[in-house]
Amino acid sequence: MATSNGKQPPQGEGEEAAPAGSIGGYESLHRLLESNLSPELFKEASRLLLGLNCGRALEAISLPEATSALAKAHNFDVQAFRFDADKEYLRQPRVVRVGLIQNSIATPTTSHFAEQKKAIMEKIKPMIDAAGDSGVNILCLQEAWTMPFAFCTREKRWCEFAEPVDGESTQFLQQLAKKYNMVIVSPILERDVNHGEIIWNTAVVIGNHGNIIGIHRKNHIPRVGDFNESTYYMEGNTGHPVFETAYGKIGVNICYGRHHPLNWLAFGINGAEIVFNPSATVGELSEPMWPIEARNAAIANSYFVGSINRVGTEVFPNPFTSGDGKPQHADFGHFYGSSHFSAPDASCTPSLSRYRDGLMISDMDLNLCRQIKDKWGFRMTARYDTYSSLLAKYLQPDFKPQNSEVYPKSQAGVDF
Ligand code: BAL
């Protein structure tokens, strides 16, 4: 159920310009197609783009009026869909309601840091209330949600946004987790007070009783485009933890880690049923990849994936360059939102807007994970022994790729 019609007509002559980040005035590709195709054609396009769950298109689910009222009052979108599983003889359905929040920053990056943080918390509070009012069991926020994604600047003053695992933002969310009996995944900039106050890109997992279940630190740190995150933090040291929550087993693959299939695999091997991908990424760099990588991870690992990306363009006081010879600039470009869920059966929800704040909710029957494992047998047929020995060899200094130079032609002239 969407609160905004999402069908922005293309801007005609003299009309105000299309919203920044829209697709010619439309919120998303899905909305563009919905507005320009016949219902029959749109249904076919949706089938091809979003797949089918249990043989049918995903059904939207209706939410309480309180949720719609909050969305309208605070100008964010809400969409909600349901993933079913086949009925089983020996197991009851295990339906979990999961939410994703995407948002822009709330004040300019030139504002006082305390004001920036406070304004973001005030902005997402009604969105979390909407999730709570809707009965969301597990909610995930976006990467480094408490701050602008300032890691392009290489300026170390932005480290002041870093906080201990049990710091201000965790305390803010613990109250809401208890209030709504909701697990909350909170990706922040962590100040590791027990290890020289170094900084990590960390997801704090807060239990539905307001307890801190655990943390995960971003495993893979980008050195691409303006993403100068390696200036601030190192690769994580927490492995691939899967957190046993009251509602199911969850993992967190933070942003750039989505480009690494083995990262996704490790969470699957550790038993994840839902893996969240809290991210911050921009169109020119990654948008063609965005709908593919998480969906493929869900398929390959037979689990659900919740992909979250922030929205908006964040302009910083001091220009910087990407070190690519191009002119200096003061922003990353447009963070394109497009948060969505992917399922193990290759179906997925439409995406949230490319430019508006939004809450995406999904009911998912976790029984689907094992049903797809049984159907496709990807874990069974994975031949991990083959790949683990190849990787072990690859790590040796004297490794040589298996190709014709290494394996001389056979008598018949056929390469091995
Ligand atoms: N935060 C890194 C950007 C990307 O992987 O798309």
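The values are calculated or read from the model by the stated rules, or taken from the named source; none is laboratory data. No experiment lies behind these values; they were computed from the predicted model shown. Using ideal geometry, Cβ is built from the backbone for each residue, glycine included, and neighbour counts are taken over all protein chains shown. Surface areas here come from the heavy atoms of the whole protein model, side chains and all, with no ligands, DNA or RNA. Shrake-Rupley method; radii C 1.70, N 1.55, O 1.52, S 1.80 Å.
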Subset of the range 306-319 [closer than 20 Å to D357 by Cα and not hydroxyl-bearing (S, T, Y)] = G306, I308, N309, R310, V311, G312, E314, V315
Would you check which residues across the range 243-258 are away from the ligand (no atom under 16 Å from the Cβ) and touching a His at 6+ places or on another chain (Cβ under 9 Å) and list them?
-> F243, A246, G251
Checked the range 133-159 for anything out of contact with any strand residue (DSSP E or B) (no Cβ under 8 Å at 6 or more places or on another chain) and over 27 Å from R258 (Cα atoms); matches are D133, R157
For residues that are open to solvent by 10 Å² or more (accessible area, probe 1.4 Å) and either of a type in the set (A, V, I, L, M, F, W, C) or over 15 Å from M147 (Cβ atoms) (or both), tally how many sit in the range 302-319.
-> 4
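Every residue, every condition in (1) under 21 Å from C369 (Cβ atoms); (2) more than 15 Å from the chain's Cα centre (by Cα); (3) not basic (K, R), yes or no:
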residue	(1), (2), (3)
V282	no, no, yes
M289	no, no, yes
A300	yes, yes, yes
Y303	yes, no, yes
I308	yes, no, yes
T313	no, yes, yes
P317	no, yes, yes
T321	no, yes, yes
Kindly provide the set of residues from the range 57-71 that are crowded, with 22+ Cβ neighbours inside 10 Å and not aliphatic (A, V, I, L, M), ordered by number.
-> T67
Only one of (1) touching a strand residue (DSSP E or B) at 6+ places or on another chain (Cβ under 8 Å); (2) within 12 Å of the ligand (Cβ to nearest atom); (3) of a type outside the set (D, E, K, R) is not met by H240, so which one is it?
-> (2)
Among E15, E27, E40, which is the only one that is open to solvent by 80 Å² or more (accessible area, probe 1.4 Å), at pLDDT 90 or above and not polar (S, T, N, Q)?
-> E40
Odd one out for G225, checked against (1) at pLDDT 95 or above; (2) within 16 Å of the ligand (Cβ to nearest atom) | (1)
Could you tell me whether the range 292-304 includes any residue that is touching a helix residue (DSSP H, G or I) at 6+ places or on another chain (Cβ under 7 Å), in a loop (DSSP other than H, G, I, E, B) and over 18 Å from P19 (Cα atoms)?
-> yes
Take the residues in the range 264-289 that are open to solvent by 10 Å² or more (accessible area, probe 1.4 Å), more than 20 Å from Y387 (Cβ to Cβ) and touching a residue at least 24 places away in the same chain (Cβ under 8 Å), then tell me which one is nearest to the ligand (Cβ to nearest atom).
-> L285
Among all residue pairs at least 6 apart or on different chains, which show Cβ distances below 7 Å where the first residue, located in the range 236-263, is without any contact (Cβ under 8 Å) to a residue 60 or more places away in the chain and assigned to a strand (DSSP E or B) and the second is within 16 Å of the ligand (Cβ to nearest atom) and open to solvent by less than 20 Å² (accessible area, probe 1.4 Å)?
-> G251/V275
With respect to V204, is the statement that it is within 28 Å of I269 (Cβ to Cβ), touching a residue at least 40 places away in the same chain (Cβ under 8 Å) and open to solvent by less than 50 Å² (accessible area, probe 1.4 Å) true?
-> no
